[in-house]
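Chemist: Before anything else, here's the structure in question.
The values are calculated or read from the model by the stated rules, or taken from the named source; none is laboratory data. These numbers were taken from a predicted model, which means no experiment stands behind them. Here the Cβ is made from the backbone with ideal geometry for all residues, glycine too, and neighbour counts use every protein chain on show. Accessible surface areas use protein heavy atoms only, side chains included; no ligands, DNA or RNA. Shrake-Rupley method; radii C 1.70, N 1.55, O 1.52, S 1.80 Å.
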Amino acid sequence: MSLALFIEVVQWVVFAYFLTLNGAYFMLLLNAFFSAKQALPLHTLRTEIRTYQTMEPPISVLAPAYNEEKVVVDSVRSMLQLDYPEFEIIVVCDGPKDRTLEVLKEAFDLEPFAEAYRERIPTKPVKQVYLSRTTPRLKVVLKENGGKADALNVGVNMAQYPLFAALDTDSLIEREALTHLAAPFINDPGAVVAGGTLRLSNGAKFHNGALVEARAPENWWARCQVVEYQRAFMVGRLGFDRFNAILVVSGAFGLFHKETVVAAGGYRHDCIGEDMELVVRLHKFMRQQNKPYRVYQVAEAICWTEAPEDAKSLKGQRVRWHRGLTEVLWRHRDMLFDRKMGSVQLSMWYFVLFEWLAPLFEFAGYVFLVLLAVTGYLELKVFCGVMLLALGPALFLTIGAMYLDELTLRGYDTHRKEFMRFLSVALVEPFTFRLFSLYWRLIAVWRVATGKKAAWGQLVRKGFDKGTP
Amino acid sequence: MTSFVFWAYLIGSAFTTIAVLSGISMMQYKLGARARRTREEEMQAAWRPIFAGISVAGADFERCPPLPKDTVPAFLELWLYWLSMLAGEDRERLIQLGQQLGLVPLARRMLLSPQADRRVLGASVAGYLKDDSAWPHLTALLDHGDRKVQLAAGRALLQIDPARAMPPILARVAHARGWAGRDLQALLRDVPLDTIQDDLWAMAQDASPAIGARLVHVICSLNPVKCRSVIKAILTAQPAYPADMLSAALAGITDPRDAHLARAYVQHSEGHVRRNAVGALGRVGLADDLPAIASVLSDPSWWVRIRAAQVLYAFPGMNGRKIAELTQALSDVYGQDALLHARAEHLTSLRWRKRKP
C-alpha cells in the first residue's frame, strides 16, 4: 500500500468515526430538547401549587463525609432548608482525619444515640451514632473508614424511609430540588432512580447554605467545566432519558428506591466509579428480572458543587473518572452482548465507543496530523478543513447545551459580558481544555493497562462563597 | 484528498452555521425570558393587593383591571395559590372574580393544550369555578399518562359534583398503577360522602392484596367507624385474608375493644403482620399483653424487635426498673440492642416534648 493510499484510508476511518460520534451527539441533543420541552415551566415565578401535596413520599438524605470540615456544616444547613414535607438527614462520617465530626458536634449539639444498627448490606463497623439536640431531622454516624460506597451503604442500612437521596457534603442543593426529584416517583410507581443536575458553585454566592446569586466563575478552569457540565447533563443525561438508558446518575445528587438498591446489593466498594456502577447494575438487575422500571433525569432538580480550579486537582478527578468508567464497562461487559438489555445495550456501546475509546481515537488523530505535517502531506486547506470539522460540531453541541440550560430556566444569572465570556470559552475549549482532558484520560487508560492502583486524591476546597445576606 | 476536504468544509460549516444561529436564538430567548420575568413580577405586585382587598376586605371587584393576557399562567397560579389559602366567603369572592375575568372559557381551552402543566392549571381552575361544561374533558384526563394531570382532573371533578365524580374515579382505583394510597386519601379527604367507604371496601375485597391493603389504609384514614367494621371482617375471616390485608387491618386498630383481634396475630408467619400486631397491642393492649410483646424481642425480624421494644417503652405502667429487669432476663443480644435503641428514642422524644411550649 502506498503512503498516499494509507493516508486516504486513515483519514476516512477517522472521518467515519467522527461522523458517527457527532451523529450520536446530534440525536442525543434532539432527544434532550424533546425531554426538556416537557419540563418547561409555564412561568418564571415560584408560587407553585403543590399538585402532589400530601402525596410526597418521605426521603432519607444520605451524605457521606470524609475530611469535609470546611463545607460540611454549610452543606447540612442547606439540606435542612429543603422545602420538602418529610425527610431525615444522615451524615456518615467515614473515619475522617480532620475535624469533620467535631464541627458537626459544635454546630448541631450532637449527643450519642444507641442505634440498633441493621446491617442489610455488609459494611465496615459503625462506631457511634449521634442525634442532634437541636435538629430532630439530623443523624450523624461515625464509622470505620471504608470509602464512599461503604459510607453510603451504612446510610442505606440506617435509612428509615422508602427513598434515599445520595448527596455529597461538598454540594448544596436548591430548596425545591428534592420536590422536583421526587416527582417521577409519585408519577410512576416503576421509578427506581432519578438523577438531578449538577451546576458549578465556583463564582456563585451563597449565604447560610442558600443560593444568593448564580454567577459564572472567574477561574478559567472552572468556566470550561461549566460548559462541559452543561453538555454532560443537558445533552448526555436528558438525551438518554427518553430511552430509559441513563447509565450515570451523579453521586452528588440522585434519588433511589431503597428496597431495589438493597435487593441489587447496594454500592460496590471495590469500584472507583461506584455511582455509575450502581445505576448500571440496577438496569441489569431489573431487566434480568423482567420488571418494568425507569431511570429518570430531572433537569430542574439542581445541586451546586465545587469544581477543581487548579490543574493538579482536576487531573486527579479526571483520571479517577475515566478509570471508573473503564472499571464499570469492563465489569459489566456482558451487557454489551445481551439483547435483554434493550436500549441499555445501545447506551453501553455508546459509552464504549464514544466515551472510553474517544481519547484513543482523538490521540491517534492528532498523531496522524503531526505525521502528515512532518511528511509534507498536510496542506493548509486540509488542516483548515479538519479544524473546521473539529470546531463546528463541538460548538453546535456546546451552544445546544447552553440553550437547553436556558430553556429549563436554569441559566446562570449572567450579564452580557459574562455571557460573551461563556461563548468565547465554547470557541476555545475544543483546542485548549479538551486537550488537557484528553491527556488526563490517556493517563487513566495507561494506568489501567499497567495495573496501577487507583486513588481518590485531594481536592483543594475553597468552601462556598458567603454572599451578602 | 479533495472529496475529504469538501466534506470536511461542508459538514464543519453546516454545524458552525447552525451553532451561530442557535447562539443568536438563545440570546434572544434569554432577553425575552428576562423581560417575561419582569412582567410577571409586576403582575404579581399589582394583583396581590387586589386579591387581598377583594377576598378579605370585600372590596368591589367590578372595578378590577382586566385579565393580564401576557402573563396568564403566572396569574392563574397566583389566583389558585390565594384560593388554596382561603375558605368560606373569602374564597367565594375570589372565585366570583375569576368568573368576572372570563377564566371559564380560558380553563376549557387549557384543558385541550398538549402541555401537561397547562392541563393541570386548566383543571384546577375549572374545579374551583365548578364549570360543568368541562366535565367530558376532565373525565378524559383521568386516563392521562401524567399522574399530576390525572389528580388535578380528579380533584376538579370532585369539586364540581362529588356524587357524579365517584364512579369514574373508583373505576380507576383498582388498577395496578392506579390510585390507591396517599393520592386517593388526598382526593377524598374533603368529600362529604357516606357511601365512599362501602364502595372502597367492596373494591378492596376484589382487588389484589397490595391494592386491597392500601384501600384499607384509605378507609381507616377517612372514617374510623367504618374502619372498625372492616378491620373486624378482615381479622376474623376464614379462610384468612392475605398477609398484606391483615397487616393493613392491624395497623388500623385504635379501639381497645379490638385488642383481642391483634393478640391472635403476634405469632403470625409473616414479619410485617407480627410487627403490626405488636404495634396494635401497644396502642390498645392491656398489662396482660406485656409477656406476649416481650416474647417477640427475640423475633428473627429486626422490625418486629424494634417495634416490640418501642411499644414496651411507651406502655402505660412501664418504667426504667421494669425495662432493666426485662433486659437482664433477655439472653438475645439483638433483643437487648432493640431495647437500648428504643430507650434512646424514648429519652430523645421526652426531651423534645419538654422543649415544646
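Chemist: Within the range B:91-134, restricting attention to residues that are of a type in the set (D, E, K, R) and under 13 Å from B:Ala153 (Cα atoms), which residue is least open to solvent (accessible area, probe 1.4 Å)?
Modeler: B:Asp131
Chemist: How many residues are loosely packed, with under 10 Cβ neighbours inside 10 Å and at the interface with chain A (Cβ under 8 Å from one of its Cβ atoms) when one looks only at the range B:317-357?
Modeler: Matching residues across the range B:317-357 total 0.
Chemist: Output the helices (runs of 4 or more DSSP H) that fall wholly within the range B:194-266 and possess 3 or more residues being closer than 13 Å to B:Ala277 by Cα, or say none.
Modeler: Working: elements: B:196-206, B:209-222, B:224-235, B:243-251, B:259-263.
In the range B:194-266, the matching helices (runs of 4 or more DSSP H) lie at B:243-251, B:259-263.
Chemist: A:Leu378 is checked against (1) of a type outside the set (Val, Ile, Thr); (2) part of a helix (DSSP H, G or I); (3) more than 22 Å from A:Trp220 (Cβ to Cβ); (4) within 11 Å of chain B (Cβ to nearest Cβ) and fails just one. What number does that condition carry?
Modeler: Of (1) of a type outside the set (Val, Ile, Thr); (2) part of a helix (DSSP H, G or I); (3) more than 22 Å from A:Trp220 (Cβ to Cβ); (4) within 11 Å of chain B (Cβ to nearest Cβ), only one is false for A:Leu378: (2).
Chemist: Can we say A:Asn153 is in contact with a Gly (Cβ under 8 Å, 6 or more places away or on another chain), surrounded by 17 or more Cβ atoms within 10 Å (Cβ to Cβ) and either more than 23 Å from A:Gly265 (Cβ to Cβ) or among the polar types (S, T, N, Q) (or both)?
Modeler: For A:Asn153, the condition - in contact with a Gly (Cβ under 8 Å, 6 or more places away or on another chain), surrounded by 17 or more Cβ atoms within 10 Å (Cβ to Cβ) and either more than 23 Å from A:Gly265 (Cβ to Cβ) or among the polar types (S, T, N, Q) (or both) - is met.
Chemist: Tell me which of these B:Ala57 doesn't satisfy, since it passes every other one: (1) open to solvent by less than 70 Å² (accessible area, probe 1.4 Å); (2) farther than 23 Å from B:Val104 by Cβ; (3) assigned to a loop (DSSP other than H, G, I, E, B).
Modeler: (1)
Chemist: Run down A:Arg281, A:Arg215, A:Arg237, A:Arg223 and say which single residue is basic (Lys, Arg), open to solvent by 10 Å² or more (accessible area, probe 1.4 Å) and without any contact (Cβ under 8 Å) to a residue 60 or more places away in the chain.
Modeler: Among A:Arg281, A:Arg215, A:Arg237, A:Arg223, only A:Arg281 is basic (Lys, Arg), open to solvent by 10 Å² or more (accessible area, probe 1.4 Å) and without any contact (Cβ under 8 Å) to a residue 60 or more places away in the chain.
Chemist: Show me the strands (runs of 3 or more DSSP E) found entirely inside the range A:62-170 where at least 1 residues are over 25 Å from A:Ile302 (Cβ atoms).
Modeler: Correct list: A:87-94, A:110-113, A:126-132, A:138-143.
Chemist: If you don't mind, another one. Sort out which residues of the range B:135-151 are open to solvent by less than 20 Å² (accessible area, probe 1.4 Å), more than 10 Å from chain A (Cβ to nearest Cβ) and part of a helix (DSSP H, G or I), and write them in order of number.
Modeler: B:Leu138, B:Leu141, listed by residue number.
Chemist: Take A:Leu238 and tell me if it is closer than 19 Å to A:His180 by Cα and assigned to a helix (DSSP H, G or I).
Modeler: On the way: closer than 19 Å to A:His180 by Cα: yes; assigned to a helix (DSSP H, G or I): yes.
The answer is yes for A:Leu238.
Chemist: Picking from B:Leu10, B:Leu31, which residue would you name as being at the interface with chain A (Cβ under 10 Å from one of its Cβ atoms), in a helix (DSSP H, G or I) and more than 30 Å from A:Phe15 (Cα to Cα)?
Modeler: So the residue among B:Leu10, B:Leu31 that is at the interface with chain A (Cβ under 10 Å from one of its Cβ atoms), in a helix (DSSP H, G or I) and more than 30 Å from A:Phe15 (Cα to Cα) is B:Leu31.
Chemist: Let me ask something additional. Which count do you get for residues in the range A:177-210 that are away from chain B (no Cβ under 14 Å) and over 25 Å from A:Val92 (Cβ atoms)?
Modeler: Summing the residues that are away from chain B (no Cβ under 14 Å) and over 25 Å from A:Val92 (Cβ atoms) in the range A:177-210 gives 5.
Chemist: Next up: Among the listed residues A:His269, A:His257, A:His322, identify the single one that is in contact (Cβ under 8 Å) with a residue 40 or more places away in the chain and open to solvent by less than 30 Å² (accessible area, probe 1.4 Å).
Modeler: When all the criteria are applied, what remains is A:His322.
Chemist: Given the conditions (1) open to solvent by 60 Å² or more (accessible area, probe 1.4 Å); (2) in a loop (DSSP other than H, G, I, E, B); (3) more than 14 Å from chain A (Cβ to nearest Cβ), and given that B:Pro300 satisfies all but one, which numbered condition is not satisfied?
Modeler: (3)
Chemist: Output the number of residues of the range A:98-143 satisfying the condition of being touching a residue at least 40 places away in the same chain (Cβ under 8 Å), under 18 Å from A:Thr169 (Cα atoms) and open to solvent by 40 Å² or more (accessible area, probe 1.4 Å).
Modeler: Looking only at that region, the number is 1.
Chemist: Conditions: (1) touching a helix residue (DSSP H, G or I) at 6+ places or on another chain (Cβ under 8 Å); (2) surrounded by fewer than 22 Cβ atoms within 10 Å (Cβ to Cβ); (3) more than 23 Å from A:Leu138 (Cα to Cα); (4) within 12 Å of chain A (Cβ to nearest Cβ). B:Val284 meets all but one. Number of the miss?
Modeler: The failed condition is (4).
Chemist: Let me ask something additional. So, of the residues in the range A:192-235 that are part of a loop (DSSP other than H, G, I, E, B) and among the small types (Gly, Ala, Ser), which turns out to be nearest to A:Pro292 (Cα to Cα)?
Modeler: Among those that are part of a loop (DSSP other than H, G, I, E, B) and among the small types (Gly, Ala, Ser), it is A:Ser201.
Chemist: Can you spot a residue in the range A:341-364 that is at positive phi and surrounded by fewer than 19 Cβ atoms within 10 Å (Cβ to Cβ)?
Modeler: Looking through the range A:341-364, at least one residue is at positive phi and surrounded by fewer than 19 Cβ atoms within 10 Å (Cβ to Cβ).
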